[in-house]
Amino acid sequence: MKIAVVGTGYVGLVVGACLAETGNDVICADLDAAKIASLKRNRLPIYEPGLEPLVVRNQGQGRLEFTTDVGAAIERSDIVFIAVGTPPNEDGSADLQHVLDVAGTIGRHMNTAKIVATKSTVPVGTAAKLRTEIARHTRTTFHVCSNPEFLKEGAAVEDFMKPDRVIVGIDSDEAARVLEELYAPFVRTGNPLIFMDLLSAEMTKYAANAMLATRVSFMNQIAQLCEAVGADVSLVRKGIGADRRIGPAFLFPGPGYGGSCFPKDVKALIRTGEERAVSLDILQAVEAANERQKRVLFEKLHQHFAGKLAGTTIAVWGLSFKAETDDVRESPALVLVEALLAAGAAVRVHDPAALEAARLRLGDRVAYASHAYDALEGASALAVVTEWLEYRNPDFDRIKRLLQRPLIVDGRNLYEPARLARLGFTYDSIGRRVACAPS
C-alpha cells in the first residue's frame with residue numbers, strides 16, 4: 001500500500017518505519033527541514049531501541065522516504081496517517097492546531113479517494129472536526145478513521161510489530177477492509193484487531209492511559225503508607241499482583257510518572273469531563289498524587305541532611321522519565337534536580353541517553369558526567385531516578401569509595417535493603433524501611 005505519515009516525531013517515525021518493514025511504500029513528511037535532512041542521512045532525532053535499523057534498512061531498500069513536501073506525499077498516497085503533536089493548552093485541553101492544519105492540507109491535495117487516520121492523541125470528537133476541515137477544501141471521497149497508538153517509549157518497535165491489540169475507529173466498511181489488510185501482518189498471532197465507532201476509539205486511547213496512570217499513582221500512595229506502617233511495598237506488590245483480577249503490570253512504585261503521554265492525557269481527559277459537566281474526581285486525585293510523588297526523592301534527601309542541603313553535592317543517576325528513551329518531558333528527575341538547586345545543592349548528573357535532552361532544560365546549572373561513576377566523586381549522596389539496566393548491578397565498593405557519605409536514595413527500588421546495609425550504606429527506597437549499616 002502507498003502510505004503517507006505526516007509528522008516525524010516519536011509516533012510518526014515508529015509508525016512509518018514499521019509499516020515500511022512489512023512491504024508498504026511509506027513517505028514520512030514533516031515541515032522541519034533540518035529533521036528531514038538528518039533522517040535522509042539515517043540520523044534519528046530520538047533514541048528508541050530497534051528503530052534505527054528499521055529506518056536504515058527500509059530507506060536503503062526504497063520503501064521509506066522522507067520529505068518536506070507534505071502535499072506531494074499526500075497526493076502519492078492512498079492512506080494518510082496524521083501523527084503531529086497535540087500539546088496541552090494552559091487549561092489542560094489538547095491543542096489541535098497542527099492536526100487541523102494537516103487536515104486542511106489533505107483537503108487541498110485530495111487528488112484521489114483516500115483514508116485519513118489519526119495517530120495523534122486527540123480528544124473525543126476530533127474525527128468530526130477533521131472531516132469538516134477536509135471537506136472545506138475538496139469534493140473527492142474520503143474516509144476518516146481513528147487509529148490510536150499504544151506505544152511504550154523504550155519498547156515502541158516491539159509494541160507496533162507485536163501489538164496487544166489494534167484499535168480502529170471507522171466510518172465505513174470500505175475503510176475497515178483496507179485497514180484490516182494493512183494490519184494483517186501485525187495480528188497474525190491472534191491478538192485482536194478491534195473495529196469500533198470513531199468516538200469510542202478516541203475515548204479508548206485516553207481511557208487506557210488514564211487507567212495506567214491511576215495504577216501508578218495508587219501504588220505510589222500505597223508505598224507511602226507502607227513506609228508509615230513499616231510494611232514492604234515489594235511484598236505487597238507481589239501479593240496483589242498475583243490476583244488475576246489485578247495482575248502485576250504497572251504496580252512498581254517510583255518517583256512519579258512522566259513522559260509525553262500520561263501527564264498530558266490525564267489533563268486532557270479531565271478537561272473533556274469538565275466541558276461535558278462530568279467530574280472525573282479519580283483522575284484529579286491521580287494527577288495531584290503524581291505531582292506530590294515527584295518531590296518524594298527530594299524530601300527524603302532533605303530529611304537525611306536535616307534540611308541543610310546547601311553546600312552539598314548530590315549525584316543523580318537517570319534523567320529520562322523512564323529507561324530506554326532519551327525523553328525528559330515531565331521527568332521526575334528534572335523535578336528533583338530543580339528542587340536540589342533551589343535548596344543550594346550542587347548537582348552532578350548521568351544518563352546513558354538523555355544528557356543532551358536534559359542539557360536543553362538545565363543548561364550549565366549542573367555538571368554532566370559521561371560515565372555513571374564520574375558523577376559520584378566527592379558527592380554527599382547518590383539519587384537513583386531512572387531504572388536503566390547499567391544501574392541495576394553496580395560496583396558498590398567503588399560507589400562507597402567515591403561518595404563522601406554512603407547514602408543512596410533509590411526511586412526505583414533497584415537494590416536489596418539488607419545487602420546495602422551489610423555493605424555499609426544508608427539505603428532509602430520507595431515503600432520500604434530505610435536500611436542502615438550496623439552500628
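The values are calculated or read from the model by the stated rules, or taken from the named source; none is laboratory data. Just so it is clear, the structure is predicted and the values come from calculations on it, not from any experiment. A quick note on method: Cβ atoms are made from the backbone with ideal geometry, for glycine too, and the neighbour counts reach across all protein chains shown.
Residues D91, D101: which one is in the same structural domain as Y10 (by TED's automatic domain parsing) and not in a loop (DSSP other than H, G, I, E, B)?
After ruling out the rest, the residue left standing is D101.
Considering only residues that are free of Cβ contacts under 8 Å to residues at least 60 places away in the same chain and hydroxyl-bearing (S, T, Y), look in region 119-155 and name the one that is nearest to Y257 (Cα to Cα).
Filtering region 119-155 for residues that are free of Cβ contacts under 8 Å to residues at least 60 places away in the same chain and hydroxyl-bearing (S, T, Y), the one nearest to Y257 (Cα to Cα) comes out as S146.
What single numbered condition from (1) among the β-branched types (V, I, T); (2) surrounded by fewer than 16 Cβ atoms within 10 Å (Cβ to Cβ); (3) under 22 Å from I27 (Cβ atoms) fails to hold for T132?
All conditions pass for T132, except number (3).
Give region 138-196 a look and list any residue that's exposed (fewer than 13 other Cβ atoms within 10 Å of the Cβ) and touching a Lys or Arg at 6+ places or on another chain (Cβ under 9 Å), or say none.
T141, T189, P192
When you scan region 228-235, do you find a residue that is touching a helix residue (DSSP H, G or I) at 6+ places or on another chain (Cβ under 6 Å) and under 30 Å from T126 (Cα atoms), even just one?
No, because not a single residue in region 228-235 is touching a helix residue (DSSP H, G or I) at 6+ places or on another chain (Cβ under 6 Å) and under 30 Å from T126 (Cα atoms).
Of the conditions (1) among the β-branched types (V, I, T); (2) assigned to a helix (DSSP H, G or I); (3) buried (at least 23 other Cβ atoms within 10 Å of the Cβ), I430 satisfies every one except a single condition; which number is it?
(2)
Just one of (1) in contact (Cβ under 8 Å) with a residue 60 or more places away in the chain; (2) under 20 Å from L297 (Cα atoms); (3) not acidic (D, E) trips up L179, so point out which.
(2)
Among (1) buried (at least 19 other Cβ atoms within 10 Å of the Cβ); (2) at pLDDT 95 or above, where does S260 come up short?
(2)
Starting from region 34-59, take each residue that is farther than 22 Å from K322 by Cα and list its partners that are at pLDDT below 95 and outside any helix (DSSP H, G or I), counting only C-beta distances under 7 angstrom and pairs at least six apart or across chains.
Close Cβ pairs (under 7 Å, with a partner that is at pLDDT below 95 and outside any helix (DSSP H, G or I)) amount to K35/P45; S38/P45.
From N209, N191, N147, grab the single residue that is in the same structural domain as K119 (by TED's automatic domain parsing), under 22 Å from the mean Cα position of the chain (by Cα) and polar (S, T, N, Q).
N147
Report whether or not S38 is at negative phi and modelled with pLDDT under 95.
no
Taking only region 327-352 into account, find how many residues are within 18 Å of the chain's Cα centre (by Cα) and buried (at least 20 other Cβ atoms within 10 Å of the Cβ).
So the count comes out to 9.
Could you please tell me which pairs satisfy a Cβ distance under 7 Å, a separation of 6+ or placement on different chains, a first residue in region 328-344 that is in contact (Cβ under 8 Å) with a residue 12 or more places away in the chain, and a second residue that is of a type in the set (S, T, N, Q)?
Note: pairs meeting the criteria are V328/S320; R329/S260; S331/S320; A333/T386.
Considering each residue of region 1-51, count those that are more than 21 Å from P185 (Cα to Cα), charged (D, E, K, R) and surrounded by fewer than 23 Cβ atoms within 10 Å (Cβ to Cβ), and give that number.
Of the residues in region 1-51, 5 are more than 21 Å from P185 (Cα to Cα), charged (D, E, K, R) and surrounded by fewer than 23 Cβ atoms within 10 Å (Cβ to Cβ).
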